[in-house]
């Protein structure tokens, strides 16, 4: 049986303080193995934000069948890129080959559109060029390789940033005028903090989702850092808040 320890901490989310208690393994593990816990923490942040939206008389308008945001550049952490690689590797045939073909098609369309090099290194671009990459990418209309019938086919395993992007405006705006979409404001972003777990800065540790397989294959032999879960949580909370968050364990 895996030995566990209870870790507790409090997060300030807007005007609300949320007490969190987690039972986590004491044995060292990779950041990738921590993703289910990070997903759960993301949902706690979202619950607070959605409740605030409701108090304002609004409601989240995202729903199955609305896949406009699945054609944006989706920056994910290298930790999640590894998870995407493992997820696809575990798919049965012919599903796995179908998904791999979609990833290959996305790369080919980026190349044909003259954007492949930019998207591979989008975080290293000069600021002025960086601001133009997202609308130009969207104009290419490249769907996420996991998009099927305008819905996410890996919804329970979708990246953190996908969970964090919610709107209360007309879903049509996400396609026709994304700059006018009214997003749900979050007090903190777990996705941003996760990008820092295996790098010194979020802009050193992100990958466009459509390039996740290519990145995972290129880094398959990289040695992954292992830490006790409580240490990963400490590191994550510091990334979320910009300062150490006191935790207790028993």
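Pairs linking a residue in region 226-247 that is closer than 17 Å to residue 29 by Cα to a residue that is at pLDDT 90 or above and in a helix (DSSP H, G or I), with Cβ atoms under 6 Å and 6 or more positions apart or on different chains, are 232/34; 236/193. Residues that are over 15 Å from residue 208 (Cα atoms), surrounded by fewer than 19 Cβ atoms within 10 Å (Cβ to Cβ), in contact (Cβ under 8 Å) with a residue 12 or more places away in the chain and in contact with a helix residue (DSSP H, G or I) (Cβ under 7 Å, 6 or more places away or on another chain) do occur in region 105-114. Return the residue satisfying two criteria in turn: it lies in region 114-130 and is under 19 Å from residue 72 (Cβ atoms) and outside any helix (DSSP H, G or I), and of such residues it is nearest to the chain's Cα centre (by Cα). Checking each candidate, the answer is 121.
Being touching a strand residue (DSSP E or B) at 6+ places or on another chain (Cβ under 6 Å) and either modelled with pLDDT under 95 or closer than 20 Å to residue 217 by Cα (or both) holds for only one residue in 171, 159, 126, and it is 159. Quick test of your reading of the structure: residue 134 fulfils all but one of (1) more than 21 Å from residue 167 (Cα to Cα); (2) within 18 Å of the chain's Cα centre (by Cα); (3) touching a residue at least 60 places away in the same chain (Cβ under 8 Å). Name the failing condition by number. For residue 134, the failing item is (1).
Here are 41, 11, 35: which of them is in contact with a strand residue (DSSP E or B) (Cβ under 6 Å, 6 or more places away or on another chain) and buried (at least 17 other Cβ atoms within 10 Å of the Cβ)? Walk me through it before giving the result.
Details: 41 fails: in contact with a strand residue (DSSP E or B) (Cβ under 6 Å, 6 or more places away or on another chain); 35 fails: in contact with a strand residue (DSSP E or B) (Cβ under 6 Å, 6 or more places away or on another chain).
Of 41, 11, 35, the one residue that is in contact with a strand residue (DSSP E or B) (Cβ under 6 Å, 6 or more places away or on another chain) and buried (at least 17 other Cβ atoms within 10 Å of the Cβ) is 11.
The C-beta contact set for region 11-33 (first residue in contact (Cβ under 8 Å) with a residue 24 or more places away in the chain, second residue loosely packed, with under 12 Cβ neighbours inside 10 Å and assigned to a loop (DSSP other than H, G, I, E, B), distance under 6 angstrom, 6+ apart or interchain) comprises 25/2; 26/3.
Taking (1) over 17 Å from residue 72 (Cβ atoms); (2) under 20 Å from the mean Cα position of the chain (by Cα); (3) loosely packed, with under 14 Cβ neighbours inside 10 Å in turn, residue 149 satisfies each apart from (2). Based on what the data block shows, is residue 142 surrounded by 15 or more Cβ atoms within 10 Å (Cβ to Cβ), touching a residue at least 12 places away in the same chain (Cβ under 8 Å) and within 15 Å of the chain's Cα centre (by Cα)? Spelling it out, it is not the case that residue 142 is surrounded by 15 or more Cβ atoms within 10 Å (Cβ to Cβ), touching a residue at least 12 places away in the same chain (Cβ under 8 Å) and within 15 Å of the chain's Cα centre (by Cα).
Here is the figure for region 145-165: residues that are in contact (Cβ under 8 Å) with a residue 40 or more places away in the chain, outside any helix (DSSP H, G or I) and over 17 Å from residue 101 (Cα atoms) total 4. For region 154-164, a residue qualifies if it is closer than 17 Å to residue 73 by Cβ and buried (at least 18 other Cβ atoms within 10 Å of the Cβ), and the qualifying residues are 158, 159, 160, 161, 162, 164.
Could you count how many residues in region 213-225 are without any contact (Cβ under 8 Å) to a residue 40 or more places away in the chain and touching a strand residue (DSSP E or B) at 6+ places or on another chain (Cβ under 8 Å)? First the steps, then the outcome.
Here is the first cut: in region 213-225, the residues without any contact (Cβ under 8 Å) to a residue 40 or more places away in the chain are 218, 221-223.
Still in the running and touching a strand residue (DSSP E or B) at 6+ places or on another chain (Cβ under 8 Å): none.
The total comes to 0.
The values are calculated or read from the model by the stated rules, or taken from the named source; none is laboratory data. What you are looking at is a predicted structure, and each value in this text was computed from that prediction instead of being measured. Methodologically, a virtual Cβ is constructed for each residue, glycine included, from the backbone with ideal geometry; neighbour enumeration extends over all protein chains shown.
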